[in-house]
Amino acid sequence: MANDSNKFQAIISHCKEYGFIFPSSEIYDGLSAVYDYGQYGSELKKNIREDWWKWMTQLHDNIVGIDAAIFMHPTTWKASGHVDNFSDPMIDNKDSKKRYRVDHLIEAHAETLPREEADALLARMDQLLAAEDFGGLKQLIEDNKMKCSVSGTCNWTEVRQFNLMFATEFGAVSGEADDNMVYLRPETAQGIFVNFLNVQKTGRMKIPFGIAQVGKAFRNEIVARQFIFRMREFEQMEMQFFVRPGTQKEWYEFWKEERMKWHLGLGIPQERYRFHDHVKLAHYADAACDIEYDFPIGFKEVEGIHSRTDFDLRNHQEYSKKKMQYFDSEINQNYIPYVIETSIGLDRTVMMVLSEAYEEQDLSTPEKKDSRVVLKFPPKLAPIKLAILPLVKKDGLPEIARELMDQCRRSFRCFYEEKDTIGKRYRRMDAIGTPFCVTIDHQTKEDGTVTIRYRDTMVQERIAMEQVKQLVENSLA
Ligand code: ATP
């Protein structure tokens, strides 16, 4: 059985073995911090994406969604501050040449210390980061004798900034001029800001209103480890909420609460989450916090909630020379709206949902050793909702099973299987998190009942076959 420290590794192996997540281009030994979602992982990810989208757009009157391109005009990233500021302090070990993000190096060291010492170290780090005191950070690393995990030495370079954006060339001619250079977007938010006027005008949106978007983002992360927690290509689900200046504090509090409601709606209990207020505010923010989840590797950020002031729209106005103003008829004033952003990583959410769902259970009895791995996904997120299993491959049972498939498959994802013993088939469904299995047996032919087996309790009961669809649908509501 996995304990907490190796649970993480167990989840990674499980994801690969059961078709959730594979290293990218694995036949060529993979690409660092890039992953592919397999047949079940892509369903899980899609279900989370759809749940977020529905919750943010369909369930809020004043939020609409868009789908902006990954490529954007290069000036976007000057206006947003990413060209100048989207960098992390790094330090290299001179012996191993391995590069570390300074905060990660210090955090990893803190994990080896007793609680109080660790807290003091992290508080000092936060102060130095906030002051951008690179000399002080290096001193902190040296004073604490932090070692490189590869060389084992404390032989460090100075602390330097490193930009995280990927650049590529645009158009037919390569390598000629700088204006050919475009970036792969490091966040989806800017696609929303540059479309602020388009959406506001064509949608006749009245402040306060929001624009949501889901899409890929790219960051050349230096310390890209920890599976899908930190990737170089990942997906974000972001929403920018435009408000009247001066009201941002109350909307910031509103969105903190509102987003937590969504998280709890994933069936994850409150005590597995916490808010973490930022000490060092990003260049655009006047308040910011993270929602952290208690991963097997400790509490880590899943979502950021930021009060971004009018920084982005004001800068786009300045760089594009297009007015980014809104006329507020209630107060008879023109202004550049302030923005509250909610920004969550889809891949990190997948990892959170997997971590919460993964359970190794010892089912041994005095007579027999037995165990199972079960993924206890909430039914609405499960890749497969219902497995339909004829007990044997003959006597007309597969035909009845196919009939049930036909009744259900338009409404939710079903899975049909007739190979192996029922016990083995149940275990496979547990391992991919299928909440309901239905077995068709000889009695079904006589009285139209089937055995339904519940994943979490393993309880089995007989119900009328015609009730199955409704029962599954009720669980998805
Ligand atoms: P971190 O401090 O972990 O690097 P961040 O504060 O830079 O994250 P934001 O820029 O606020 O992250 O991005 C919003 C969300 O996007 C994060 O909360 C996270 O869920 C997700 N995210 C950011 N970077 C990555 C990444 N490299 N891989 C996967 N998800 C990411």
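The values are calculated or read from the model by the stated rules, or taken from the named source; none is laboratory data. Quantities reported herein were computed from a predicted structural model and do not represent experimental measurements. We place every Cβ from the backbone using ideal geometry, glycine too, and count neighbours over all the protein chains shown.
Pairs needed: first member in segment 298-319, acidic (Asp, Glu); second member anywhere, more than 13 Å from the ligand (Cβ to nearest atom); C-beta distance under 6 Å; at least 6 residues apart or different chains.
The qualifying pairs are Asp310/Ile336; Asp310/Tyr338; Asp312/Phe193.
With respect to Phe275, determine if the residue is in contact with a Cys (Cβ under 6 Å, 6 or more places away or on another chain) and modelled with pLDDT of 95 or more.
So Phe275 fits the description; yes.
Return yes or no: is Tyr335 surrounded by 20 or more Cβ atoms within 10 Å (Cβ to Cβ) and either away from the ligand (no atom under 13 Å from the Cβ) or of a type outside the set (A, V, I, L, M) (or both)? Give the steps one after another, and end with the answer.
On the way: surrounded by 20 or more Cβ atoms within 10 Å (Cβ to Cβ): no; either away from the ligand (no atom under 13 Å from the Cβ) or of a type outside the set (A, V, I, L, M) (or both): yes.
Considered against the rule, which asks whether it is surrounded by 20 or more Cβ atoms within 10 Å (Cβ to Cβ) and either away from the ligand (no atom under 13 Å from the Cβ) or of a type outside the set (A, V, I, L, M) (or both), Tyr335 comes out as no.
For the structure I just gave you, tell me whether Leu375 is at pLDDT 95 or above and either over 30 Å from Phe227 (Cα atoms) or in contact with a Leu (Cβ under 9 Å, 6 or more places away or on another chain) (or both).
Values: at pLDDT 95 or above: yes; either over 30 Å from Phe227 (Cα atoms) or in contact with a Leu (Cβ under 9 Å, 6 or more places away or on another chain) (or both): yes.
Yes, satisfied.
Could you tell me whether Glu359 is touching a residue at least 24 places away in the same chain (Cβ under 8 Å) and charged (D, E, K, R)?
Considered against the rule, which asks whether it is touching a residue at least 24 places away in the same chain (Cβ under 8 Å) and charged (D, E, K, R), Glu359 comes out as no.
Of all residues in segment 279-293 being within 12 Å of the ligand (Cβ to nearest atom) and in a strand (DSSP E or B), which is farthest from Arg308 (Cα to Cα)?
Ranking the candidates gives Tyr293 first.
Determine if segment 271-278 includes at least one residue that is among the hydroxyl-bearing types (Ser, Thr, Tyr) and away from the ligand (no atom under 14 Å from the Cβ). Break it down into steps so the answer makes sense when it comes.
Applying the first criterion (among the hydroxyl-bearing types (Ser, Thr, Tyr)) to segment 271-278 yields 273.
Right, trim to away from the ligand (no atom under 14 Å from the Cβ) and you get none.
No, segment 271-278 contains no residue that is among the hydroxyl-bearing types (Ser, Thr, Tyr) and away from the ligand (no atom under 14 Å from the Cβ).
Do we find that Gln240 is within 12 Å of the ligand (Cβ to nearest atom), surrounded by 16 or more Cβ atoms within 10 Å (Cβ to Cβ) and of a type in the set (S, T, N, Q) in this structure?
Answer is no for this residue.
Of all strands (runs of 3 or more DSSP E) completely enclosed by segment 52-102, which ones contain at least 3 residues that are modelled with pLDDT under 95?
Filter on segment 52-102 gives 87-92, 99-101.
Could you check segment 314-363 and list, in sequence order, the residues that are assigned to a loop (DSSP other than H, G, I, E, B) and farther than 25 Å from Cys289 by Cβ?
Lys321, Lys322, Lys323, Met324, Gln325, Ser329, Glu330, Ile331, Asn332, Leu363 - these are the residues of segment 314-363 that are assigned to a loop (DSSP other than H, G, I, E, B) and farther than 25 Å from Cys289 by Cβ.
Looking at segment 338-355, which of the residues that are crowded, with 23+ Cβ neighbours inside 10 Å and within 16 Å of Ile211 (Cα to Cα) is nearest to the ligand (Cβ to nearest atom)?
Taking the candidates together, the pick is Ile344.
Checking the structure you have, find out if any residue of segment 19-31 is crowded, with 17+ Cβ neighbours inside 10 Å, assigned to a strand (DSSP E or B) and not assigned by TED's automatic domain parsing to the domain that holds Ile211.
yes
If you go through segment 115-156 one residue at a time, how many are assigned to a helix (DSSP H, G or I) and small (Gly, Ala, Ser)? Walk me through how you get there before you give the answer.
So the first thing to find is which residues in segment 115-156 are assigned to a helix (DSSP H, G or I), and the list is 115-130, 134-143.
If we keep only those that are small (Gly, Ala, Ser) too, we end up with 118, 120, 123, 130, 135-136.
So the answer is 6.
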